[in-house]
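In what follows, a structure is listed as structure tokens, so that the remarks can point back to it.
The values are calculated or read from the model by the stated rules, or taken from the named source; none is laboratory data. Being a predicted model, the structure only gives us computed values, none of them experimental. Please note: Cβ atoms are built from the backbone with ideal geometry, for glycine as well, and neighbour counts cover all protein chains shown.
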Amino acid sequence: MVQVDAHNIVPCWAASDKQEYSARTIRKKVNSKLEEFLTDFPPIIKHPYTSTFEPQPIDWDGAIDSREADKTVGPVEWAKPGYNEAMKMLKSFIEERLRKFATKRNDPTEDALSNLSPWFHFGQISVQRVVLCIRELRSRYTESVNAFLEEAVVRRELADNFCFYNPLYDSLNGASVWAQQTLDKHRCKCGRDLVNGRTARNSAVSTHQLF
């Protein structure tokens, strides 16, 4: 049996054998293994055995009705699903936005991001595929390519490392001691009004003017 990690590029257990606490501590470990794991994908071959399995049609209306979601929210228009659409977005990033990624990616008024998150999230394109394409432009957009690799590879691997090695990754108890102490110190001293609950937030109901 072969275990495959397709979520990132360097498997988290290969990148480090312990929980890392910052990009600084994991960066060298990840980068030292990129040449081993950042390889092109093998060609798809036809499976030698045929199958008579036919999937049942999906009841999309039933699936939507089963969720506690706001049915008035319309469909996302800017992101079309599928690998081909992901490649179109990657192409537009390379041609139009990559050159300013290093300097403008944190400016909300600038369109400087890859905008590939939806396709990453739903597994319709891999970070590995995108990184292979982006690395080819390193000589032309050195700073931007390095910045993209830092965020798409190093920081992503750091997050995966945290979830893999920290059994309390989904709780505040999994945070560093200093972070827990800081949060506790300000628990009742910030002077804020009652924090809005989930229902109020989802309905955009709040006494806070900025919200």
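For the reader, a short list of remarks on this structure follows.
- Number of the exception - TRP13 against (1) free of Cβ contacts under 8 Å to residues at least 12 places away in the same chain; (2) within 26 Å of CYS163 (Cβ to Cβ); (3) of a type outside the set (A, V, I, L, M); (4) part of a helix (DSSP H, G or I): (1)
- Listed by position, the helices (runs of 4 or more DSSP H) contained in segment 60-131 that have at least 2 residues being surrounded by 13 or more Cβ atoms within 10 Å (Cβ to Cβ) and touching a residue at least 24 places away in the same chain (Cβ under 8 Å) are 83-92, 101-104, 117-121.
- For segment 151-171, filtered to residues that are crowded, with 16+ Cβ neighbours inside 10 Å and not aromatic (Phe, Trp, Tyr), the residue that is nearest to ARG97 (Cα to Cα) is ALA152.
- The condition of being out of contact with any strand residue (DSSP E or B) (no Cβ under 9 Å at 6 or more places or on another chain) and farther than 30 Å from GLY174 by Cα holds for only one of LEU38, LEU34, that being LEU38.
- Failed item, numbered, when ASP40 is tested on (1) modelled with pLDDT of 95 or more; (2) of a type in the set (Asp, Glu); (3) touching a helix residue (DSSP H, G or I) at 6+ places or on another chain (Cβ under 7 Å): (1)
- Pairs with Cβ under 7 Å, 6+ apart, first in segment 200-211 and under 20 Å from THR72 (Cβ atoms), second part of a loop (DSSP other than H, G, I, E, B) and not hydroxyl-bearing (Ser, Thr, Tyr): SER206/ASN196
- Here is the figure for segment 3-44: residues that are of a type in the set (Asp, Glu) and under 19 Å from the mean Cα position of the chain (by Cα) total 2.
- Looking across segment 172-193, the residues that are in a loop (DSSP other than H, G, I, E, B), more than 23 Å from the chain's Cα centre (by Cα) and either modelled with pLDDT of 70 or more or surrounded by 10 or more Cβ atoms within 10 Å (Cβ to Cβ) (or both) come down to HIS186, ARG187.
- Considering the conditions (1) out of contact with any Ser or Thr (no Cβ under 8 Å at 6 or more places or on another chain); (2) surrounded by 13 or more Cβ atoms within 10 Å (Cβ to Cβ), ASN196 is excluded by exactly one of them, (1).
- Residues of segment 131-161 satisfying the condition of being in contact with a helix residue (DSSP H, G or I) (Cβ under 8 Å, 6 or more places away or on another chain) and hydrophobic (A, V, I, L, M, F, W, C): VAL131, CYS133, ILE134, LEU137, VAL145, ALA147, PHE148, LEU149, ALA152, VAL153, VAL154, LEU158
- Criterion: in contact with an Asp or Glu (Cβ under 6 Å, 6 or more places away or on another chain) and in a helix (DSSP H, G or I) - qualifying residue of ASN146, ASN161: ASN161
- Single match in GLN19, GLN3 (criterion: part of a loop (DSSP other than H, G, I, E, B), at pLDDT 95 or above and not small (Gly, Ala, Ser)): GLN19
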